Each structure stands twice: as structure tokens, then as C-alpha cells.
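The values are calculated or read from the model by the stated rules, or taken from the named source; none is laboratory data. Only a predicted model underlies this, so the values are computations on that prediction, with no experimental measurement involved. Note: ideal-geometry Cβ built from the backbone for every residue, glycine included; neighbour counts use all protein chains shown. Only protein heavy atoms, including side chains, enter the accessible area calculation; ligands, DNA and RNA are left aside. Shrake-Rupley method; radii C 1.70, N 1.55, O 1.52, S 1.80 Å.
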Amino acid sequence: MNKDQLAQVAIAMTANGKGLLAADESSSTIKKRFDAIGVESTPDTRRDYREFMFRTEEAMRDYISGVILYDETIRQTAKDGTPLVKLIEAAGSIPGIKVDAGAKPLPNFPGETITEGLDGLAGRLKEYYDLGARFAKWRAVIDIASGIPTYGAIRANAAALARYAALCQEANIVPIVEPEVLMDGDHSIERCYEVTEWVLKTVYEELFLARVFLEGTVLKPNMVVPGKKAAKQASPEQVAEETLRLFRNTVPLAVPGIAFLSGGQSDVEASANLDAINRLGPTPWAITFSYGRALQAAPQKAWSGKPENEPAGQKAFTHRARMNYLAALGQWSDTQEKAAA
Ligand code: 13P
């Protein structure tokens with residue numbers, strides 16, 4: 001394990017306002033996104049979409065520190081034969097890879113899941129490193145509903161995350177540790193706080209037991225927010241206060257950076273909340289974004305599968321990437337949001 005390299009990559013992924021583009025949708029998830037814009041999902045359309053995104057110069061150079069790829073994409077080449085990984089590197093951004101095999105039903109725990117993908121992971125990580133990946137992602141999913149989550153499911157998912165993280169570091173790959181507490185449902189912001197606190201405490205206990213080098217990790221958490229269907233919603237200032245109070249109680253100082261998932265927040269909401277969190281700072285961790293939907297919904301819509309719309313897609317991507325970059329510095333404003341839109 002090269003600790004210096006791991007620590008440097010973890011800092012580069014999260015520092016100075018830059019954040020991650022989570023473009024690691026599985027083929028079934030990207031099909032859902034393409035269905036929504038009337039585009040057929042084939043290896044070529046998926047390539048075309050990701051190619052114009054990775055060729056978006058300003059966004060990739062100035063605002064995006066790294067890109068999370070899916071297995072298919074890390075092996076694909078652009079239309080001119082250049083590997084997509086090389087496009088990302090040429091822009092000064094770091095390629096990463098999703099290595100989990102998805103959340104599957106956890107036996108004996110109705111309504112709860114366990115993320116699979118540990119078998120054979122050491123070998124796959126070695127191959128991904130050779131393909132250019134310098135960080136990886138594993139997402140555990142925790143749902144809040146009546147009677148769940150349970151101790152058993154949280155413990156099992158945290159242990160899998162820790163095993164994954166240890167395997168990554170052995171391969172000199174920075175693990176993004178992602179325990180996502182879903183915002184589905186009608187639970188209160190207090191309930192989200194309570195569950196996320198329980199989850200993060202357990203995750204850091206398991207990382208300790210697995211002897212993971214925290215300086216060479218990145219945390220990818222949810223924000224503390226009420227459920228989407230909750231009667232009482234929260235202001236960005238309230239989200240910021242609760243989220244930072246949570247981190248102060250759970251995230252060790254050795255962790256260099258925290259990069260949020262957007263989890264179904266609208267793109268402007270995701271920027272406004274990230275900005276409010278950074279305005280409350282300074283914090284001991286860099287706090288930035290690792291957004292999938294909140295960075296890509298707008299460019300996907302602008303593109304809609306038509307080659308002539310690629311510049312419009314790139315413009316929409318640059319705008320969202322810049323808004324989140326400003327938010328990661330605590331410098332976003334509604335005025336800039338509207339001025340550039
Ligand atoms: P969203 O930002 O769309 O939640 O996706 C981020 C991600 O990588 C989830 O695993």
C-alpha cells in the first residue's frame with residue numbers, strides 16, 4: 001500500500017471546490033435516464049453521451065476533480081479511438097470506477113438490502129488500476145421505513161464497506177465509502193439525523209476494525225434532510241446545521257474529504273444545500289459534491305440523443321458543474337444560478 005499516493009489522490013478528489021461527476025450508472029440505470037429523454041440505450045449511445053461530457057473542456061478542467069465510471073465505460077473508446085479514460089486524464093481529472101455489484105435483498109431482513117461484489121474484488125481492482133482507475137466507489141443502501149433500518153442490516157453493510165475499502169487500498173485505489181441513507185418516504189429530518197448518525201458511527205467502527213487508512217479515503221454521505229414526502233421540509237440553513245452537527249459527531253478528522261451524493265434532490269436544491277453547508281464552515285474536511293443526477297439531468301435533457309445538441313449539453317453540464325464548484329467554496333448564489341442559466 002502506497003499511503004502517500006492514496007492520501008494525495010483523496011485530497012485531489014475533494015479539494016479547492018472541485019468535485020466528482022458520478023457517471024457510473026449501470027446499464028439498467030442509464031436506460032431509465034435515457035428512456036426519460038427518448039433515447040435508445042445502446043453501447044454506442046452511452047459512449048456518445050459520455051464522450052461529449054468528458055470532452056467538456058471548462059467543466060472537466062476547472063470544476064470536476066474526477067469521474068466515477070461504470071465497467072463498460074472504463075473499457076470504451078471515443079469515436080476517434082481514444083480511450084475515454086484518456087480523455088478524462090487529458091482534462092486533468094482522475095478516472096474512478098464503481099466496483100459494487102448492487103444492493104440485493106438481505107435474507108431474514110424484509111425490506112433491507114446488502115451490497116454485493118466482494119468475491120473476486122482483489123483481482124478486479126488490479127485490472128481497474130491498470131486501466132487507469134485511481135479511486136473506486138461502493139454504495140451501501142439504507143432505507144428508512146417502519147421498523148427499519150435494523151442493527152443487523154447496518155452492521156452487515158458497514159462490514160462490507162470496510163472490507164471493500166481495505167481491498168481498494170491494498171491495490172493503491174482510494175475507496176469512496178458511500179453509505180446512502182435514502183430520502184424516500186415521509187420521515188422527519190430528526191429521523192434522518194438519527195439513522196445517519198447510527199450508520200456513520202458503525203461504518204467508522206468497521207473501518208477501524210478492518211485497519212483502513214482513513215487519510216486515503218473519501219466519504220460519500222447523504223445530507224441530513226427530511227424524507228421527500230415529509231409534510232415539513234427544511235431550509236438549506238437547517239440542512240447545513242444538522243449535517244455539520246452530524247459530521248462533527250461522527251467523521252474522524254483524519255478523513256480528508258467528504259463528497260455528497262445528490263440522492264434525488266433537484267439540481268438547484270443540491271447546489272443550495274452544499275453552499276449553505278460550506279458557508280457555515282470552516283470545517284476540518286473539504287466538503288464537495290459527487291453528484292450523478294444533480295449534474296447530469298440538465299445536460300441529458302439538452303442533448304436528448306441528437307449530435308447537433310451536444311454543444312447545448314456541454315453548456316448545461318458546464319453550468320451545473322460551475323454552480324456546484326461555487327457551492328463547494330460557499331460562493332454560490334441564486335443570482336449566479338439564474339444569470340448563467
Ligand atoms: P446521485 O447524485 O444521483 O444520488 O448519484 C450519486 C451516486 O453515485 C449514487 O451512488
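Numbers at a glance
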read-out	value
Percentage, to the nearest whole number, of Cα pairs in the range 137-267 over 23 Å apart	29 percent
The range 94-106 - phi-based ³J(HN,Hα) in whole Hz, Karplus 6.51/-1.76/1.60, Gly and Pro as x	9, x, x, 9, 7, 10, 7, 9, x, 8, 10, x, 8
If the convex hull is drawn through the Cα atoms of the range 1-115, its volume per residue in Å³	157 Å³
Table column - 3J(HN,Hα) (Hz), the range 76-86, Karplus curve with 6.51, -1.76, 1.60, x for Gly and Pro	8, 10, 5, 4, 8, x, 6, x, 4, 4, 5
Summed side-chain charge close to residue 185 - residues other than residue 185 whose Cβ falls under 15 Å, Lys, Arg +1, Asp, Glu -1	-3
Sequence-distant lysines (8 or more away, or on other chains) whose Cα lies within less than 29 Å of residue 104	31, 32, 126, 137, 201, 220, 228, 229
Accessible surface of the range 225-276, 1.4 Å probe, proportion on carbon and sulfur as whole %	51 percent
Cα pair count fraction exceeding 35 Å, expressed as % - the chain	16 percent
Residue-by-residue Karplus 3J(HN,Hα) for the range 271-281, coefficients 6.51, -1.76, 1.60, Hz, glycine and proline x	6, 4, 5, 4, 5, 4, 4, 6, 5, 6, x
Peptides 250-256, 314-320 ordered by average Cβ neighbours within 10 Å, highest first	314-320, 250-256
Solvent-free Debye scattering, log10 I(q)/I(0), computed from the Cα coordinates of the range 47-182 at q = 0.10 Å⁻¹	-0.39
Estimated translational D of the range 85-149 in µm²/s (Stokes, Kirkwood radius over Cα pairs; 10 °C; 1.306 mPa s)	114 µm²/s
Stokes-Einstein diffusion coefficient of the range 207-305, Kirkwood radius over Cα pairs, 4 °C, 1.567 mPa s, in µm²/s	88 µm²/s
Accessible surface of the range 23-146, 1.4 Å probe, proportion on carbon and sulfur as whole %	51 percent
Accessible area (Å², per residue) of the range 281-341, counting only protein heavy atoms and a probe of 1.4 Å	43 Å²
Distant-in-sequence amide H partners of residue 136 (H built 1.01 Å from N, under 5 Å)	97, 174, 176
Cα-projected label distance for residue 77 with residue 155, points at 7 Å along beta-carbon direction, nm	5.1 nm
Part-to-part distance (alpha-carbon centres) for the range 106-134 and the range 28-52, which is given in Å	24 Å
Rounded accessible area per residue of the range 146-199, 1.4 Å, Å²	34 Å²
Viscosity 1.567 mPa s, temperature 4 °C, Stokes-Einstein D of the range 272-338 from Kirkwood C-alpha radius, µm²/s	102 µm²/s
